[in-house]
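Some notes on the structure that comes next.
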Amino acid sequence: MTEAIYPGFILEQAIRDIAEHCRLAEQKIRGAVALLEEGNTIPFIARYRKEATGGLDEQELASVEDALTYFRDLADRKTTVLKTIDEQGRLDENLKRQIIACRDRKVLEELYLPFKPKRRTRAAAAREKGLAPLAELLMTVTAPGDSDAVLAPFVRDDYGVANSDAALDGACDILAEEWADQAETRAWMRSQIARGMLVSQVKRGKREEAAKFEMYFDYREPLAKAPTHRFLAMQRGQDEGFLNVGIEVEEERVVEMLTSRLLANPRLLFYRRLKMAVVDCYSRLLFPSIESAVFAEMKERADDEAIIVFAKNLRELLLAPPAGQRVVLGLDPGFRTGCKAAVVDATGKFLNHKTIYPTPPHNKTEEAAQSLLELIQRHRVELIAIGNGTASRETDAFVADVLKSHRLPLVKVMVSEAGASVYSASEIARQEYPDLDVTIRGAISIAHRLQDPLAELVKIDPKSIGVGQYQHDVNQAQLRKCLDREVQSCVNQVGVDVNTASASLLSYVAGLGPKLAEAICKYRDEHGPFQSRQGLLKVPRLGAKAFLQCAGFLRVRDGKEPLDNSGVHPESYPLVERMAQSLGLKTVELVANVQAVRKLQPEQFVDERNGLPTVRDILAELEKPGRDPRREFRVAQFVEGVSELSDLKPGMRLEGVVTNVTHFGAFVDIGVHQDGLIHISELDRRFVDDPTQVVSVGDIVQVKVLQVDPQRSRIALSRKQAMG
């Protein structure tokens, strides 16, 4: 029966819908969908199947994948809706066509609303009392007429209708619900609410507790102009029990217009009572329902925008410049419990640790200095990473004094601790350092973050890294999916050394996942380093399909095959060999030979398997095999003597590091424990609509202090006024 009503998901129709939804060429969508349906990963398709998709990038492919899921789910929902309405005997051809043609889930639900099974309502109770025919009569009987004669047949004690008023009330309840369920009426009501005001007020008796929401105590703004981040802030205030948030419209005007829409004939016998039913429909059913729907849409849009910003920030943090293979001393500062110091070698291997007490209440400065010097000299430390949490500035000042007094030319870097405590107590940390205290693991993590932020941060839940706004308020499933994609994209963009990578890092390589990542590590531990990419096929459960997806993103340094340390996929090795032969060279002589590579003409190597985009990518990779796409490592220079909020004065010009970017501006660490805010209006001399187009997490920026509010721990900064 269902198949006769609606044939279910039709891939060809979905391709057309996706092309329109994503605003991409249908041919590109067709190629992308075919590859996705075969189980290929987004990084693999974007990097190694450009010919099939017309060069769609990862972001475009992600939108195609999401749209494919959306339209498949929509088709399933249509089937359910059509079946339910048909079983009620109310599915006519016009409604059926509307539902089948629908391309929007919200519109589909509006069409379904009048037929959707409801909990017991006043209208449902009235229908059970046999008042549905009366509801129809009320909309047709005109004056003059005998109202008692119309109502009398419906007064029945056995149905619980005691008198005419009860019959009239019940019939009006039925009409109110029917009006509230009409798709056209709801669409009109939505348009009226869209012109309303978003209002927020503090709840009685909550003024003192709700201080952080002070700007929303008595707030109103046109709904259409309300930024999504402001809406999320209001929603959080309401969820925490401090604010009442709603939409305000010109109620008298809207009700008057609604009445004229629903009661076109003022000569109806029960017109005055029906006007009251319209008011009831508006206040009890229609407005609350539409207000909730509008808020749900705003929340969805706000979630989307907040997640996009979060993902951009996360990407910048993950792709932050690595200090590289240098011996690093990681310091996890603390007052009472002391400062934990841990040294890792150039490969990240843990070497030694100590706890020192250079700050109050212990103040064992000389002893701490001696211990620090001993670690530096014994292990030939090249960089010092200092966590930016509690006691960070005091520890930074102590380290600066030690380096200065002993004329040690070491660079010290303030490193974000966000999420370090989460990692330290995690199962991953326990497996890596089972015999070490949680606090020592934190110091090791801080050192590793300086060496290679990407390799270390993949061990932590992205939500714990501290680069998002309202991350706990947005759709968690959607957030997780987006952030996982972002991490996977970054990992595959940089590439992974298969012989040194942790299971956490390997798990994000295209085609692998946690189980295969652990299998690779176990095989590596048992058999030693991989000598080639082909060696991966010996790993249990790592078959040809997984190998196809992951091989191009894994690196084997100093292996048998020089191309294994490049982004050239093994399937293209024969093509590279042909390129080398055309120049009278061996493959090994072509790799990293810029002059030789530039003699090759891409068009000469295009064949059925390798299109022009692939050939050009291969040539670019041959010039700089295994190149790291991340920026060059650089350190922000904090001003000496400026370590507390009290040290800041308006007009100061400082250097800082961008720690977070939001819709309303960017937060910057200027070395005083509290990040300052560059409001969007102070980011640049030109108008800025999107802060992420101007600054990114990890950027080193020059700023001017505009205002300091010690009571609320707020710092207002300007990048615009620090220019030139």
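Anything in region 69-96 that is farther than 18 Å from R16 by Cα, charged (D, E, K, R) and either in a helix (DSSP H, G or I) or in the same structural domain as L285 (by TED's automatic domain parsing) (or both)? List them, or say none.
The answer is R77, K83, D86, E87, E93, K96.
Has region 634-649 got any residue that is under 18 Å from L317 (Cα atoms) and of a type outside the set (G, A, S)?
Looking through region 634-649, at least one residue is under 18 Å from L317 (Cα atoms) and of a type outside the set (G, A, S).
Need the failing condition index for A143 against (1) at pLDDT below 90; (2) outside the structural domain of N163 (by TED's automatic domain parsing), just the number.
All conditions pass for A143, except number (2).
From (1) assigned to a helix (DSSP H, G or I); (2) more than 33 Å from the chain's Cα centre (by Cα); (3) free of Cβ contacts under 8 Å to residues at least 60 places away in the same chain; (4) crowded, with 20+ Cβ neighbours inside 10 Å, pick out the condition that doesn't hold for L563.
(3)
Kindly indicate whether R273 is modelled with pLDDT of 95 or more, loosely packed, with under 13 Cβ neighbours inside 10 Å and part of a helix (DSSP H, G or I).
no
Do the conditions hold for G698, that is, is it of a type in the set (G, A, S), under 30 Å from A302 (Cα atoms) and not assigned by TED's automatic domain parsing to the domain that holds R555?
Answer is yes for this residue.
One residue is enough: does region 652-665 have a residue meeting the conditions part of a loop (DSSP other than H, G, I, E, B), outside the structural domain of G389 (by TED's automatic domain parsing), at pLDDT 90 or above and in contact with a strand residue (DSSP E or B) (Cβ under 6 Å, 6 or more places away or on another chain)?
Yes: one or more hits.
Looking for something of a type in the set (D, E), in a loop (DSSP other than H, G, I, E, B) and either closer than 25 Å to P529 by Cα or touching a helix residue (DSSP H, G or I) at 6+ places or on another chain (Cβ under 7 Å) (or both) - is there at least one such residue anywhere in region 567-588?
no
Is it true that A126 is in the same structural domain as E184 (by TED's automatic domain parsing), small (G, A, S) and over 23 Å from the mean Cα position of the chain (by Cα)?
Yes, satisfied.
Would a scan of region 673-683 turn up a residue that is within 23 Å of N388 (Cα to Cα), part of a strand (DSSP E or B), modelled with pLDDT of 85 or more and in contact with a Ser or Thr (Cβ under 6 Å, 6 or more places away or on another chain)?
Checked against the condition, which is being within 23 Å of N388 (Cα to Cα), part of a strand (DSSP E or B), modelled with pLDDT of 85 or more and in contact with a Ser or Thr (Cβ under 6 Å, 6 or more places away or on another chain), region 673-683 yields no hits at all.
Would region 278-297 turn up any residue that is surrounded by 17 or more Cβ atoms within 10 Å (Cβ to Cβ) and hydroxyl-bearing (S, T, Y)?
Within region 278-297 (the criterion being surrounded by 17 or more Cβ atoms within 10 Å (Cβ to Cβ) and hydroxyl-bearing (S, T, Y)), the answer is yes, since at least one residue qualifies.
Of the conditions (1) in contact (Cβ under 8 Å) with a residue 24 or more places away in the chain; (2) out of contact with any helix residue (DSSP H, G or I) (no Cβ under 6 Å at 6 or more places or on another chain); (3) farther than 26 Å from V661 by Cβ; (4) part of a loop (DSSP other than H, G, I, E, B), N363 fails just one. Which one is it?
The one condition N363 does not meet is (1).
Does region 22-68 hold any residues that are part of a helix (DSSP H, G or I) and among the small types (G, A, S), and which are they?
Within region 22-68, G31, A32, A34, A46, A52, A62, S63, A67 qualify.
Can you find, within region 486-496, the residue that is surrounded by the most Cβ atoms within 10 Å (Cβ to Cβ) among those that are over 15 Å from K459 (Cβ atoms) and more than 14 Å from the chain's Cα centre (by Cα)?
Checked region 486-496; the qualifying residue surrounded by the most Cβ atoms within 10 Å (Cβ to Cβ) is N492.
Could you please let me know if R630 is of a type in the set (K, R), surrounded by 15 or more Cβ atoms within 10 Å (Cβ to Cβ) and out of contact with any helix residue (DSSP H, G or I) (no Cβ under 6 Å at 6 or more places or on another chain)?
Here the answer is yes, as R630 does meet what is asked.
Go over the candidates R190, R236, R230, R195 one by one and state the one that is within 30 Å of L111 (Cα to Cα), among the basic types (K, R), part of a helix (DSSP H, G or I) and not assigned by TED's automatic domain parsing to the domain that holds Q98.
R190
Criterion first (touching a strand residue (DSSP E or B) at 6+ places or on another chain (Cβ under 9 Å) and at positive phi) does A418 satisfy it?
Criteria not met by A418.
For the condition aromatic (F, W, Y) and touching a helix residue (DSSP H, G or I) at 6+ places or on another chain (Cβ under 6 Å), what is the one hit in F287, F270?
The match here is F270.
Residue by residue through region 131-160, note down the ones that are over 23 Å from T121 (Cβ atoms) and assigned to a loop (DSSP other than H, G, I, E, B).
Listed by number, the residues that qualify are T140, V141, A143, P144, G145, D146.
Taking the stated definitions as given, is I428 surrounded by fewer than 23 Cβ atoms within 10 Å (Cβ to Cβ), of a type in the set (V, I, T) and under 29 Å from the mean Cα position of the chain (by Cα)?
yes
Exactly one of these conditions fails for I680: (1) farther than 23 Å from L383 by Cβ; (2) out of contact with any Gly (no Cβ under 6 Å at 6 or more places or on another chain). Give me its number.
If we test I680 against (1) farther than 23 Å from L383 by Cβ; (2) out of contact with any Gly (no Cβ under 6 Å at 6 or more places or on another chain), just (2) comes out false.
Run C550 past the list (1) surrounded by fewer than 19 Cβ atoms within 10 Å (Cβ to Cβ); (2) over 18 Å from L590 (Cβ atoms); (3) of a type outside the set (A, V, I, L, M) and report the number of the one that doesn't hold.
Among (1) surrounded by fewer than 19 Cβ atoms within 10 Å (Cβ to Cβ); (2) over 18 Å from L590 (Cβ atoms); (3) of a type outside the set (A, V, I, L, M), the lone unmet condition for C550 is (1).
Restricting region 389-425 to residues that are among the β-branched types (V, I, T) and under 25 Å from P360 (Cα atoms), which is nearest to the chain's Cα centre (by Cα)?
Filtering region 389-425 for residues that are among the β-branched types (V, I, T) and under 25 Å from P360 (Cα atoms), the one nearest to the chain's Cα centre (by Cα) comes out as V415.
Results for (1) of a type in the set (S, T, N, Q); (2) surrounded by 21 or more Cβ atoms within 10 Å (Cβ to Cβ); (3) at negative phi, shown as yes or no for each residue.
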{"residue": "H472", "(1), (2), (3)": "no, no, yes"}
{"residue": "Q476", "(1), (2), (3)": "yes, no, yes"}
{"residue": "D484", "(1), (2), (3)": "no, no, yes"}
{"residue": "V498", "(1), (2), (3)": "no, yes, yes"}
{"residue": "K515", "(1), (2), (3)": "no, no, yes"}
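Hey, can you tell me all the residues within region 316-343 that are surrounded by fewer than 20 Cβ atoms within 10 Å (Cβ to Cβ) and more than 19 Å from V635 (Cβ to Cβ)?
Listed by number, the residues that qualify are F335, R336, T337.
Take the residues of region 157-170 that are surrounded by 14 or more Cβ atoms within 10 Å (Cβ to Cβ) and not β-branched (V, I, T): which is farthest from the chain's Cα centre (by Cα)?
S164
Is it true that L111 is among the aliphatic types (A, V, I, L, M), modelled with pLDDT of 90 or more and under 17 Å from E178 (Cβ atoms)?
yes
Condition check ((1) assigned to a strand (DSSP E or B); (2) in contact with a helix residue (DSSP H, G or I) (Cβ under 8 Å, 6 or more places away or on another chain); (3) closer than 23 Å to V657 by Cα) across all residues:
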position: A385; (1), (2), (3): yes, yes, yes
position: R393; (1), (2), (3): no, no, yes
position: V399; (1), (2), (3): no, yes, yes
position: V402; (1), (2), (3): no, yes, no
position: I428; (1), (2), (3): no, yes, no
position: P434; (1), (2), (3): no, no, no
position: A443; (1), (2), (3): no, no, yes
position: R449; (1), (2), (3): no, yes, yes
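The values are calculated or read from the model by the stated rules, or taken from the named source; none is laboratory data. All values derive from a computational prediction rather than experimental measurement. Cβ: placed from backbone, ideal geometry, glycine included. Neighbour counts: every protein chain shown.
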